[in-house]
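To start, the structure itself, in structure tokens.
The values are calculated or read from the model by the stated rules, or taken from the named source; none is laboratory data. Keep in mind that this is a model prediction, so the values were computed, not measured. Heads up, the Cβs are rebuilt from the backbone with ideal geometry, glycines too, and the neighbour counts pull from every protein chain shown. These area figures cover heavy atoms from the full protein model, side chains too; ligands, DNA and RNA do not enter into them. Shrake-Rupley method; radii C 1.70, N 1.55, O 1.52, S 1.80 Å.
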Amino acid sequence: MTGMGTEAASDVVRVRVPERSARHDLRAIKIVLHRELIRFWRDRMRMVSGLVQPVLWLLVMGTGLSNLVRGGTTAAGGTVDLRTFIFPGVCAMSVMFTAMFSAASIVWDREFGFLREMLVAPISRASIVIGKCVGGALVATLQGVVILALAGLAHVPYHPMLLLELLGMMFLCAFALTGFGVMLAARITNMQAFFALNQMALMPMMFLSGALYPLNGLPGWLAVLTRFNPLTYAVDPMRHIVFRYLHADAALRARFNPGVTWNGWHVPIWLEIVIVAAMGLAMMGVAIVEFRHGD
């Protein structure tokens with residue numbers, strides 16, 4: 001019996017788990033990012049549905065309201081089409097919806113048990129969150145390219161530098177919003193709860209960002225809310241980029257591109273970009289902490 005026990009013990013296969021390293025974590029980030037791209041490419045319905053609402057805002061609402069407020073969009077330096085004004089906001093909205101839906105995949109993976117398999121892998125949980133945030137931002141930016149292709153319909157010039165600058169801001173905006181979505185999804189276990197919370201957060205962010213109307217001349221309480229909205233600091237640089245390539249005088253720019261102010265101080269564009277990046281990193285950091293203490 002002793003001999004048989006020794007023989008059985010010698011037949012046990014030893015499993016060696018590789019030690020965690022920066023190389024393994026980078027590979028994990030790449031795999032999670034690649035998976036996000038594959039899921040997006042195979043889900044054609046998601047690609048189409050993510051474009052419907054921004055296109056409706058731009059082509060239907062923008063065209064309809066342009067006829068209604070045509071006299072109100074005229075200044076001494078010329079006329080601004082309402083579609084031109086809301087185009088930067090539509091760019092931000094397009095990446096916002098796609099980024100948040102990318103974050104929803106975490107809740108989906110949790111419900112079907114795939115997330116638990118990822119969490120027990122010999123990689124840091126931070127690499128999973130980083131891969132999700134970067135992958136979601138890249139997917140949302142690719143979706144936003146379609147909106148950029150419609151720039152001519154909004155009388156926005158197809159200037160190469162303008163499109164590149166908008167593309168960079170869209171990626172930064174998408175990164176911050178994906179980080180926000182991943183932070184929300186870190187502890188939610190039900191898809192219905194996530195989408196309910198998603199809608200409760202997205203609609204106020206959209207309407208309080210200045211995407212559809214200028215931020216100057218608002219009532220005090222409403223102006224305060226717009227300053228605490230992270231999307232405000234993404235829409236304003238995009239609008240600044242668009243107006244920089246338009247033929248408009250100072251009066252027209254001051255009316256339709258007033259910028260963001262803090263108690264009368266005009267916030268510079270570079271600081272707004274830093275704010276968006278810092279918010280994205282901060283929310284991704286909170287998501288990493290939540291993942292380390294959850295599941």
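Here are some notes:
- Relative packing of 265-273, 172-180, which averages over residues the other C-beta atoms within 10 Å, highest first: 172-180, 265-273
- Relative counts (whole %) of C-alpha pair distances in the range 213-295, using bins that are 10 Å wide: 15, 41, 26, 12, 5, 1
- Solvent-free Debye calculation, one equal scatterer per alpha-carbon of the range 166-229: log10 I(q)/I(0) at 0.22, 0.25, 0.30 Å⁻¹ equals -1.00, -1.09, -1.22.
- In order along the range 221-237, the phi-based Karplus estimate (6.51 cos²θ - 1.76 cosθ + 1.60, θ = phi - 60°) of 3J(HN,Hα) comes to 5, 6, 4, 5, 5, 5, 6, 8, 8, x, 5, 4, 7, 9, 5, 4, x Hz; Gly and Pro are listed as x.
- Heavy-atom accessible area ranking, 1.4 Å probe, most first, across Asp81, Asp236: Asp81, Asp236
- Under-5 Å amide H pairs with Thr261, H placed in peptide plane, nonlocal only: Val267
- Cα pair count fraction exceeding 17 Å, expressed as % - the range 81-222: 64
- Alpha-carbon centroid distance for the pair the range 96-137 / the range 150-225, whole angstrom: 21
- Separation of the Ala201 and Trp262 label points, Cα + 7 Å toward Cβ, nm: 2.3
- Three-way shape call for the range 132-283 based on the alpha-carbon gyration tensor, with the a/c threshold at 1.5: oblate
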